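Peer 1: Quick one: the structure is below, and I'll ask about it shortly.
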Amino acid sequence: MDVPQISVTMAVSNVERYLSRAIESVLSQTFTNFEFIIVDFGSSDRSREIVAAFAAKDRRIRGYQIPACTLPEARNAACSHARAPYIAVMDADDVCVPQRFQWEIEFLENNPSVGLVGGATEWIDASGTPLGIHEVPCGDSEIREVFPVRCPFWHPTIMVRREALQLVGGYRNAFVFAHDYDMELRVSDHFDCANLKQVVLHYRIHPAQVSLRKQQTQTMCKIAAQVSASARRSTQPDPLAGVSEITASLLRSLGVSDATQQRTTFSDCRNWIRTMLAAGEYSAALRAAVNMLNSGSAGVEDWQVADLQLTRAQLLWRQGEVFAGVGALTRALAIRPLVLGRAIRGIFGSVGHHSANQ
């Protein structure tokens, strides 16, 4: 059997609503010399049947079923079957633009020092309505400036050299909700990285992507990835090598205070709430705001709490819960009176307009 030029990997778990469109966007690529490896890791809905139906019609699809596990474990399982020199990551709820693989493989072929390339995204909501284009840093130097504070890639846009992924040992399971960030940082230790300016993927925003519990874990894993990368840049041993789980106590032992962890979690949650607002998922945004405010705010700066209370007030007002909204607004003003001007604009404007102007 001829070796394909690209191995497309997709991990699937209970995504029947979006799965067919995601698969179709891969099969419709202008670049056709690829294998499509789909690993189902414990679906209980119709996801397996959907994959099987597509595989029966297109020989490029190779479907596998494994027991329920974490996403990084499922991604590693998919990559273990890859035969091509390039691995393209795809998520089961997103949509590739038709030229994605063509653009990315041409870039990697023409830039041998680059181990990993991604691209810009257009966000879409659960029904596929466009929400706006999100640009990314493109050159290696720009990416390295961003890396210490946030991930400069949208993971389902990336194409990585298989040799680069093997060199770093694939995904690390301990970084479960930031395994992509950690992997990309480790690839950057050995290769240049890049993003394409073009939109290569329609990135779907929906409430099932994250919960408060997952957000807290994701933030801890993000911080751990940054600590790990910082140590490697200083030519020190990786303090997270061999670790099986990222915990608050582990981060404390690495010099990350509880206050820093709480503050960062609060900030990340506020960003996710804004994303839900942009997608029109107001109920999900309100639940997240309430849960975050009830989780405690030790170490969080007053302006962050006031801002989130204000967002809660606007969401309650939007849903017709006037008295509850006034209560949240009162708490925001008690913490930080300076929010009054923005509160007036936000309460009497739309929540969507407020979110767009953050």
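Every read-out reported here was derived from the displayed coordinates using simple, explicitly stated rules and does not represent laboratory data. All values reported here derive from a predicted model rather than from experimental measurement. Cβ placement follows ideal geometry from the backbone for every residue including glycine, while neighbour counts extend to all protein chains displayed.
Peer 1: Working from Cα positions, state the angle (0 to 90°, nearest 10) between the long axis of helix 282-294 and the longest principal axis of the chain.
Peer 2: Once rounded, the angle reads 70 degrees.
Peer 1: Now, a different point. Assign unit charges at the C-beta atoms only (+1 for Lys and Arg, -1 for Asp and Glu), then state the dipole size of the range 6-209 relative to its Cα centre in Debye, rounded to the nearest 20.
Peer 2: Charge dipole, the range 6-209, about its Cα centre: 520 debye, nearest 20.
Peer 1: When a footprinting reagent is the concern and you count Cβ atoms within 10 Å, what order do His81, His155, His179 take, fewest first?
Peer 2: His81, His155, His179
Peer 1: Sticking with this structure for a sec: If neighbour count is taken as other Cβ atoms inside 10 Å, put Arg59, Arg144, Arg172, Arg263 in order from fewest to most.
Peer 2: Least to most surrounded, the residues fall as Arg59, Arg144, Arg263, Arg172.
Peer 1: Turning to a different aspect of this structure: Please report how far the C-alpha centroid of the range 218-274 lies from that of the range 131-207, rounded to the nearest whole angstrom.
Peer 2: 18
Peer 1: If you don't mind, another one. If each Cα of the range 6-209 is one equal point scatterer, what is log10 of I(q)/I(0) from the Debye formula at q = 0.13 Å⁻¹?
Peer 2: -0.66
Peer 1: Next up: Could you give the length gained on full extension between Arg144 and Asp189, defined as 0.36 nm per residue of separation minus the Cα-Cα distance, in nm?
Peer 2: 15.2 nm
Peer 1: Note the direction-averaged projected area, equal to a quarter of the hull surface, for the Cα convex hull of the chain, in nm².
Peer 2: Value for the chain: 18.5 nm².
Peer 1: Less than 24 Å apart at the alpha-carbon level, and either on another chain or at least 8 residues along: which lysines does that give for Lys222?
Peer 2: Correct list for Lys222: Lys214.
Peer 1: Next up: Work from the charge dipole of the chain (Cβ charges, +1 for Lys and Arg, -1 for Asp and Glu, about the Cα centre) and give the residue of Ala289, Pro85, Met10 farthest towards its positive end.
Peer 2: Value computed over the given set: Ala289.
Peer 1: Can you tell me the orientation of helix 100-110 relative to the chain, as the angle in degrees between its alpha-carbon axis and the longest Cα principal axis, to the nearest 10?
Peer 2: In the chain, helix 100-110 runs at an angle near 70 degrees to the longest axis.
Peer 1: What is the angle, in °, between the Cα long axis of helix 212-233 and the longest principal axis of the Cα atoms in the chain? Nearest 10 is fine, range 0 to 90.
Peer 2: With both axes taken from Cα atoms, the answer is about 60 degrees.
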